[in-house]
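Step one of this worksheet: look at the structure below.
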Amino acid sequence: MKRKITLLLLAILLAYAPYVKAQHTYQSVIEPLKNERWWGGLVALGHQMPYADQLNRQDMARNNLNNQVVPLMISSQGRYLWSDHPFRFEVKEGRLMISSDYEKLTPIVAGTTLKEAYLAASAKHFPPSGNLPEESFFSLPQYNTWIELMYNQNQADILEYAHQAVAHGFPKGVFMVDDNWQKYYGNFDFKPEKFPDPRAMTDELHRMGFKVMLWVAPYVSADSPEFRLLEQKGYLLKAKGSNKAAMIRWWNGYSACYDVTNPEAMAYLKQQLRENQAKYGIDGFKFDGGDVSYMDGEYDFYEKSANANRYMEQWAAIGLDFPYNELRAAWKQGGQALVQRLGDKDYSWRATQLLIPDMTAAGLLGYAYTCPDMVGGGQFSAFLNIEKFDEELIVRSCQVHAMMPMMQFSVAPWRILSKENSAICAKFAQLHQQMGSYILEQAKHASQTGEPIVRNMEYAYPHQGFIDCKDQFMLGDRYMVAPMVTPGTSRTVVLPKGKWRDDEGKTFKGPKVMTINVPLDRLPYYEKMK
């Protein structure tokens with residue numbers, strides 16, 4: 001009998017061995033090759049990539065920095081590291097220092113360029129699924145009510161926002177109703193005092209030509225009917241060793257949350273969302289929250305081997321059941337048909353300068369279908385108590401978005417800008433629509449090959465001096481985009497080799513460095529000629 005019990009325990013240990021932390025830590029010191037620099041880990045650090053000689057320690061198991069996390073590092077000299085588990089990393093005097101509780105990590109040699117390293121890692125560890133989110137994401141602007149309405153989501157103002165967008169010449173697109181439309185978290189009915197007839201609202205938005213999405217999160221308000229029902233069913237995440245629902249402190253206070261590692265709980269949640277769709281005519285959902293940074297306690301997950309990173313991975317995966325989806329936090333999930341968004345950016349020139357490097361970092365971590373937050377910024381506190389807006393900043397932010405895979409408005413240009421500058425924003429929203437067929441073509445290419453839609457210049461033109469270029473990017477392999485990300489009307493452009501035609505019809509032969517004039521109504525971009 002003892003022998004049988006021992007064998008059973010051994011079998012259990014072997015089954016869970018890949019997921020169990022080691023009793024000690026594995027350390028790796030990766031000596032740099034000549035001219036080697038590293039990208040990877042956290043999308044929110046894109047503006048620091050490639051990492052310089054010094055980078056403070058980053059822990060993927062503790063903080064996602066309000067954005068996506070991927071256990072991947074890739075180098076300009078064709079090497080990469082991958083783990084299925086979170087690890088810690090830092091850079092000291094050019095050396096990449098890796099610390100893991102699970103395994104010893106060593107670099108894989110995949111070639112001699114950033115592109116070769118990325119494509120090899122993608123093919124092996126997060127191959128493209130062949131599927132896309134809804135195609136309209138890639139050609140039509142998105143409109144999110146967050147900055148305009150904040151926590152005062154209501155039917156009258158939502159419809160007014162949509163009508164004003166159309167009246168001011170902005171293309172119809174995907175319309176997102178943000179946080180605080182629900183009675184409370186975990187409930188999926190509209191607040192009756194704010195939405196007297198929500199079905200009539202969505203019907204009107206549809207007649208106007210918009211698709212409609214709602215903000216949702218995995219959290220459940222404590223002491224609500226839903227909380228009591230879900231706790232009874234065993235669908236809530238439990239505090240470790242207590243058999244009681246854990247309380248998670250997130251940006252809206254303390255809430256219980258769905259145990260997203262429980263298949264029955266997730267099936268139930270998806271059923272609630274589909275009932276919401278049928279009742280109110282909703283096309284899809286913005287899946288917010290699920291950040292590993294809020295999971296700072298000890299928990300008993302339904303999936304015994306799960307941890308906070310697995311929780312974040314499973315929350316992101318819910319989007320695969322809804323073609324109209326959007327996420328801001330994810331663990332792994334590269335190559336999947338999920339719309340990702342950069343974390344909330346401030347209303348500032350510095351935040352505008354982060355958009356290009358953070359977007360190219362998202363592409364290098366497997367997230368081709370990414371939106372660069374909101375035009376002008378998505379951090380609502382940055383918009384409070386502003387008497388006069390920097391109109392140049394808003395217009396330039398809009399131009400950066402225009403030739404990205406997606407663009408999203410929140411603060412209303414027609415409210416805060418002059419008539420002339422609002423019209424400039426409408427012009428570039430229309431440019432995004434005009435570029436839609438090409439962007440969609442690149443999205444389909446990404447779904448088959450894994451290649452980013454927005455590409456780092458070093459990725460596209462390796463070892464040609466672009467390693468630290470953070471104010472230009474490639475849209476596919478055809479367009480090089482060089483927006484204004486600082487105040488003023490002139491900038492330096494570095495053209496790669498080849499023949500190029502700019503947005504004004506002028507042709508140039510690269511390689512070439514030039515200073516160009518960029519009036520406020522111009523977005524410089526260069527089409528590569530055959």
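Values computed for the structure shown
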quantity: Complete set of residues in segment 239-260 that are charged (D, E, K, R), farther than 21 Å from residue 66 by Cβ and under 28 Å from the mean Cα position of the chain (by Cα); calculated: 259
quantity: Strands (runs of 3 or more DSSP E) (entirely within segment 488-530) containing at least 3 residues that are within 26 Å of residue 427 (Cα to Cα) and out of contact with any Phe, Trp or Tyr (no Cβ under 7 Å at 6 or more places or on another chain); calculated: 490-502, 507-517
quantity: Segment 471-510: number of residues that are touching a Gly at 6+ places or on another chain (Cβ under 7 Å) and free of Cβ contacts under 8 Å to residues at least 12 places away in the same chain; calculated: 0
quantity: Any pair with Cβ under 6 angstrom, 6 or more apart, that starts in segment 341-354 at a residue that is over 23 Å from residue 215 (Cβ atoms) and ends at one that is part of a loop (DSSP other than H, G, I, E, B) and modelled with pLDDT of 95 or more; calculated: 352/485; 353/485
quantity: Checking residue 367 against (1) on the phi > 0 side of the Ramachandran plot; (2) touching a helix residue (DSSP H, G or I) at 6+ places or on another chain (Cβ under 9 Å), the condition it does not meet; calculated: (1)
quantity: Single residue of segment 443-466 satisfying the filter (more than 18 Å from the chain's Cα centre (by Cα) and part of a helix (DSSP H, G or I)) that is farthest from residue 406 (Cα to Cα); calculated: 458
quantity: Qualifying residue in segment 168-188 (condition: crowded, with 19+ Cβ neighbours inside 10 Å, over 25 Å from residue 296 (Cα atoms), touching a Cys at 6+ places or on another chain (Cβ under 9 Å) and assigned by TED's automatic domain parsing to the domain that holds residue 424); calculated: yes
quantity: Output for segment 346-387, where each listed residue is hydroxyl-bearing (Ser, Thr, Tyr) and either part of a loop (DSSP other than H, G, I, E, B) or in the same structural domain as residue 38 (by TED's automatic domain parsing) (or both); calculated: 347, 348, 367, 369
quantity: Flag if residue 443 is at pLDDT 95 or above, out of contact with any strand residue (DSSP E or B) (no Cβ under 6 Å at 6 or more places or on another chain) and farther than 27 Å from residue 47 by Cα; calculated: no
quantity: Residue within segment 462-479 that is over 22 Å from residue 174 (Cβ atoms) and among the basic types (Lys, Arg) present; calculated: yes
quantity: Near pairs, Cβ below 6 angstrom, 6+ apart or cross-chain, from segment 368-380 (acidic (Asp, Glu)) to any residue that is assigned to a loop (DSSP other than H, G, I, E, B); calculated: 373/342; 373/345
quantity: Tabulated pairs, segment 413-431, first touching a residue at least 60 places away in the same chain (Cβ under 8 Å), second surrounded by 15 or more Cβ atoms within 10 Å (Cβ to Cβ) and among the hydroxyl-bearing types (Ser, Thr, Tyr), C-beta under 9 angstrom, 6+ apart or interchain; calculated: 413/422; 414/422; 415/422
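The values are calculated or read from the model by the stated rules, or taken from the named source; none is laboratory data. Note that the structure is predicted; figures quoted are calculated from it, not measured. Glycine gets a Cβ as well: all are built from the backbone with ideal geometry, and neighbour counts include every protein chain shown.
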